[in-house]
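Values quoted throughout were computed directly from the atomic coordinates according to the rules given, and no laboratory measurement underlies them. Here the structure is a predicted model, which means the values were calculated and not measured. With ideal geometry, Cβ positions are generated from the backbone for all residues, glycine too; neighbour counts draw on all protein chains shown.
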């Protein structure tokens, strides 16, 4: 049976998807790249916007998501945490 992702891994997936799109990502692209449902992504986006991790901008009838400086730092720290846990086989 496949193991479910924990919250930290989901956050890394979302933040990496945004960063990999040149820090100017469409929500649908993030949803597919992070492999999340629309409802779950909306929930995470809402929380991340409230905590100033991401910002949402409108351009020519399109919505784009970008990481804030705080979001970039969070992604960096989450990656360090993943590497640390992997070093212990977790």
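When residue 16 is tested against (1) closer than 29 Å to residue 90 by Cα; (2) assigned to a strand (DSSP E or B), just one condition goes unmet, and that condition is (2). Among the residues making up segment 48-72, those that are more than 14 Å from residue 18 (Cβ to Cβ) and out of contact with any helix residue (DSSP H, G or I) (no Cβ under 9 Å at 6 or more places or on another chain) are 50, 58, 59, 60, 61, 62.
Selection of segment 19-32 for residues being part of a helix (DSSP H, G or I) and in contact with a strand residue (DSSP E or B) (Cβ under 7 Å, 6 or more places away or on another chain) yields 19, 27, 30.
Restricting to segment 47-90, and then to whatever is without any contact (Cβ under 8 Å) to a residue 40 or more places away in the chain and closer than 12 Å to residue 27 by Cα, can you tell me which residue is surrounded by the most Cβ atoms within 10 Å (Cβ to Cβ)? If we take residues in segment 47-90 being without any contact (Cβ under 8 Å) to a residue 40 or more places away in the chain and closer than 12 Å to residue 27 by Cα, then 54 is surrounded by the most Cβ atoms within 10 Å (Cβ to Cβ). Here segment 36-53 is the region considered, the condition is being under 11 Å from the mean Cα position of the chain (by Cα) and outside any helix (DSSP H, G or I), and the residue that is nearest to residue 67 (Cα to Cα) is 53. Residues that are in contact with a strand residue (DSSP E or B) (Cβ under 6 Å, 6 or more places away or on another chain) and within 14 Å of residue 11 (Cα to Cα) within segment 33-64 comprise 48, 54, listed in sequence order. All conditions in (1) assigned to a loop (DSSP other than H, G, I, E, B); (2) over 23 Å from residue 82 (Cα atoms) hold for residue 56, with the sole exception of (1).
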